[in-house]
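Below is one structure, written out as structure tokens; the observations come after it.
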Amino acid sequence: MVRLAIRDLLQGEHVSPATRAVLLDRLDAPPVRTPRFLTPAEFRTLQAACARLLPDARVDVAGPMDARLAEGKSDGWRYDTMPDDRAAMRAGLAGLDGAAQALAGAAFAGADAPMQDRVLAAVQSGAPPGPAWALPPQRFFEELLAEATEVFFAHPLAQERIGYAGMADRPGWTRIGLDEREDREPA
Amino acid sequence: MTPRLNGEVDAVVIGTGAGGAPLAARLAGAGLSVVMLEAGRHWDPAREWATDERAQDGLFWNDERLSAGADPVSFGRNNSGTGVGGSTLHYTAYVPRAQPDDFRLHSDFGVGVDWPIGYGDLAPYYDEVEAFLGVSGPSPYPWGPPRPAYKLPPLPLNGAAQLMQRGCAALGIRTSPAANAAVSRDWQQEGYGLRPACTNRGFCQAGCSTGAKAGMDVTYVPLALARGAELRTGAFVTGIETDPAGQVTGVIAMQDGIETRQRCRALFLCAGAIETPRLLLLNRLGRGPVGHNFMAHTGVQLWARFPERVGPTKGIPGGLISEDTHRPADADFAGGYLLQSIGVMPVTYASQVARGRGLWGQALLDHMEQFNHVAGINILGDCLPHPDNRLELSEELDGRGLPKPRIHFTAGENERRMTAHAERTMRAIFDAAGAQDAWAFPRYAHTIGTCRMGAKGHGSDDAVVDRDGRLHGHPNLVIADNSVFPSALSCNPALTIMANALRTADRFLEGR
């Protein structure tokens, strides 16, 4: 895999000050150890789920998700069939534990990775084993995955991983056609 | 607490997007005293805006809405803006015109409704808006009635546009560089100053930090201010006050935690197809189907991977257009759609992969490793009005203490057939262009309808406003945004909202 020297790119002339500030902050943010909204046990469940959804341990996905819930921020809509975001997260994480107990006799965070994947796949399919859910499991999974994915791919290390250099947009792009590449873009 | 009182003005305009901004500029230009109320803030793009999707979340209307029905519509970044400029802060600047037959769907197909106005009513305003914004586009334009040459040549085609062009050429589908409201050359904007030529950042949907894109913040809002209008930001309107005869006398707004009463001789509601009917319902104003006939454009996207490097974030996202599908010969549905090539930003794309394909774990990471080879095509198609697709006030309160809106949307047979036709067409185009692993993302775009304009005018049972935007029973309350659209039109709405806002302003001025 091609590696960008992402920090060098962010600190270089092609990145605007506003963009640099945001991305360096994100790159340098320490992983969240103490959740602000979820309980420590719930947070461990969320961390374990995110580790399977986006398996790259360098990026803290659960931390920003907990922070959003703590701040009560919305992305402007939710499915009417779902409870509010905080209640949905709590109920969904409890559902993961319930399904893991039914399948493996352990809490989700304590199950091994293949078992965690089985639980997640069952939730995604809409028919997890264990106690009945208080919300649609498929919608919970979709929302969980979508937010985790957005947090992950906003991180400079994830962007480096996919060869993305769009943040380095100064003074602009001139080589924009098929098979065209600026020198500052990865090969 | 008694609201702070402001002296009476000729006009209060709620919202500074594609409806409110041109309208305010027109009214101020006619010498009226105008106050623009904007719920969001006034950004300094060059200094504050990052080339980063997550950091730009503040451009979207993020007060929570409840999405119901069989095809629940996403809001926030999908279609709803806040801040001076409204949704034009994050539109892609794609500005096709509606075609004449878009306004008479019922006459032509026996379904949907006709507009009480026609293409001819809007044509001079299309001309005016395109010339004022500095639209970059092809001249002559291949579809629809003749129009004046665009002021600027088209923007360059990016990888996605070249791929769609290649696929369409193989199938005999005509294409053209699209009309985009981003300047392909340096442009002096009246009331604002220099808008430098587009640098192909490709982040239009996360805010244009250079001013190349014709958001209302760099075009009609500065024009309105230059003509003497006053702009108040962070002003969220909660109340509309009327006298016993139904005349609006003023509005109540929360601004910086202070409740303010602004008295006015006329009120212009330009808050979009969700907040406009919500405000009417909160204030028990308007008769007829307020909130009903909510529409969202059929907007299915087809994504695929190509052997060539595409670089999906570079260049204007919607570089290429085809309107050959405006009225397809083999259609089993009413109306039609346009085709556009689409670039995409990484977080948006990854999120759609997660929701649309359900990929996660290593499969998601592997898919995203090919991001630089991804291109898309999108349709923008008509949507028939249905009374059950509607907005209502829910029992749940938001952070402001107001009922959250609940929006019901279920696609009808016509939308489903059009989407299926479009997916087949796009798959054929991308197959011909050499695509691999093509996949469709079903999607509904824009917020339209909810305060339909009707031919019968005041007293009509099936309309909320008359052809000039006047609310039934409250003739000095005028609506000028996408909520008045009787049908969705087979084109992106921004240009038509602007054109109709200028027409509405002129009609109001003529009637004074």
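No value in this document is a laboratory result; all are computed from the given coordinates. These figures come from a predicted structure and were not determined experimentally. As a convention, Cβ positions derive from the backbone with ideal geometry for all residues, glycine included, and neighbour counts pool all protein chains shown.
Summary table below
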item	result
Dipole of the protein assembly as shown [Lys/Arg +1, Asp/Glu -1 at C-beta], most positive-end residue of B:S351, B:G215, B:F75	B:G215
Global form of the range B:19-66, assessed from the alpha-carbon gyration tensor, a/c cut-off 1.5	oblate
Antiparallel %, DSSP beta bridges [both residues in the protein assembly as shown], to 5	65
Distance (nanometres) between label positions extended 7 Å along Cα→Cβ at A:T174 and B:R357	3.5
Where a label projected 7 Å from the Cα of A:A132 along Cα→Cβ would reach, residues of the range A:98-123 with amide N under 19 Å	A:98-100, A:102, A:123
Sparse-neighbourhood loop sites, GluC sites (Glu not before Pro) in the range B:185-241 - DSSP loop, at most 15 other Cβ within 10 angstrom	B:E190
Three-way shape call for the range A:35-153 based on the alpha-carbon gyration tensor, with the a/c threshold at 1.5	oblate
Rh by Kirkwood over Cα pairs, then Stokes-Einstein D for the range B:335-447 at 1.002 mPa s and 20 °C, µm²/s	128
Degrees separating the helix B:346-357 axis from the principal Cα axis of chain B, which is the longest one	80
B:Y337, A:Y79 arranged by Cβ crowding within 10 Å, fewest neighbours leading	A:Y79, B:Y337
Cleavage-rule hits, GluC sites (Glu not before Pro), the range A:1-94, DSSP coil, Cβ neighbours within 10 Å at most 15	A:E13
Rounded to the nearest 20 debye, dipole of the protein assembly as shown from Cβ charges on Lys, Arg, Asp, Glu	460
Sparse-neighbourhood loop sites, trypsin sites (Lys or Arg not before Pro) in the range A:14-107 - DSSP loop, at most 16 other Cβ within 10 angstrom	A:R33, A:R36, A:R58, A:K73
Reference-scaled alpha-carbon Rg (2.2 N^0.38 Å with N residues) for chain B	0.92
The range B:385-462: radius of gyration over Cα atoms, expressed as a fraction of 2.2 N^0.38 Å	1.65
Förster radius 60 Å - calculated FRET efficiency between A:A5 and B:E413, Cβ distance, rounded to 0.05	0.65
Within chain B, helix-based [θ] at 222 nm, where runs of 4 or more DSSP H residues each add -39,500 (n - 2.57), nearest 500	-7000 deg cm²/dmol
Packing-based ranking, highest mean first, of B:295-303, A:120-128, B:33-41 given that Cβ atoms within 10 Å are counted	B:295-303, B:33-41, A:120-128
Directionally averaged projected area (convex hull, Cα atoms, the protein assembly as shown), nm²	28.8
